[in-house]
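Written out below as structure tokens is the structure these notes cover.
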């Protein structure tokens, strides 16, 4: 009997997939049987990660595009449809960060974060939905953040962008559910990725994470990858409009 967690035969797009959580989700999708399209702005980095998956016997390809540019998002989805005839799973993971006290936060930096972290995922979801609606089937998954639930300084633009994605998740779930498409978000906590290496190596910050997280450790990229597979699979067919917090209990405690 086929496992409800199997993604065999599915075409999955993961943005921001050249490293960190994006690559972890792409790898987990491929291991579950999907053909995965890895996306980021860096074709060289994508090709290296794609080769890594292929060397493990997994099915993958790399397509570069800038998730801050509408024309490139539209072209990316159209290229996938031209090559594969469908798009079953779209994971809008690409994002950027900018840290500054609110009084020093430049408007152009705020708008740049919003463009990539919120506007880009909205556009990708729209284009994916246009491909999915005629087939009456699909999964759209956003990468949110526990910072949009708890708040944190000095990343006001990032928090705003992720909070908007949480709201958009619910709105799109209401809009697309009748077409057989579910829309959900993953809200990662503190995950040990390349981007967080400096924080992991900071004794005070490392201690804060481990003491503040009931399971007593940093999250691992595969924790997010496995969660994405669940939301993309038939096992989560009745999960819609949900923010799946994956933080070891960090946001559940005071």
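Details
- Shape summary: the chain maps onto an equivalent ellipsoid whose semi-axes, from the alpha-carbon gyration tensor, are 27, 20, 19 Å in decreasing order.
- Three-way shape label, the range 66-109, alpha-carbon gyration tensor, a/c 1.5: prolate
- Cβ crowding within 10 Å ranks 233, 59, 18 as 59, 233, 18, fewest other Cβ atoms first.
- Choice from 198, 128, 160 with maximal GNM fluctuation in the chain (Cα, 10 Å cutoff): 198
- Each 10 Å bin from 0 upward holds the following percent of the Cα-Cα pairs of the range 176-248: 19, 41, 24, 13, 3.
- An oblate overall shape is assigned to the range 103-254, the ratio a/c of its alpha-carbon gyration tensor axes (a ≥ b ≥ c) being 1.5 or greater and a/b not exceeding b/c.
- Bins of 5 Å, starting at 0 and running to the largest distance - Cα pair percent for the range 77-149: 3, 14, 20, 20, 14, 11, 8, 6, 3, 1
- Using the average count of surrounding beta-carbon atoms within 10 Å as a protection proxy, the listed peptides 217-225, 49-57 rank, highest first, as 217-225, 49-57.
- Residues listed by number, the range 86-115, amide nitrogen under 17 Å from residue 208 label point at 7 Å toward C-beta: 98-102
- Spin-label model, residue 72 to residue 253: label points 7 Å out along the Cα-to-beta-carbon direction sit 4.0 nm apart.
- Backbone N atoms of the range 87-113 closer than 12 Å to the 7 Å Cα→Cβ label point of residue 137 belong to residues 87-89.
- Of the beta bridges in the chain, as assigned by DSSP with both residues counted there, near 0 percent are antiparallel.
- Fluctuation leader among 44, 116, 168 - the chain, Gaussian network, Cα springs under 10 angstrom: 44
- Principal-axis tilt of helix 203-212 within the chain, Cα atoms, nearest 10 degrees: 70
- Shape category assigned to the range 155-194 from the gyration tensor of Cα positions, a/c cut at 1.5: oblate
- The chain: angle of helix 221-232 to the longest principal axis, Cα-based, in degrees nearest 10: 40
- The chain: most fluctuating residue of 21, 199, 87 per GNM, C-alpha cutoff 10 Å: 199
Any read-out appearing in this document is the output of simple, stated calculations on the displayed coordinates, not a laboratory observation. Since the structure is predicted, the reported quantities are computational estimates derived from the model, not experimental observations. With ideal geometry, Cβ positions are generated from the backbone for all residues, glycine too; neighbour counts draw on all protein chains shown.
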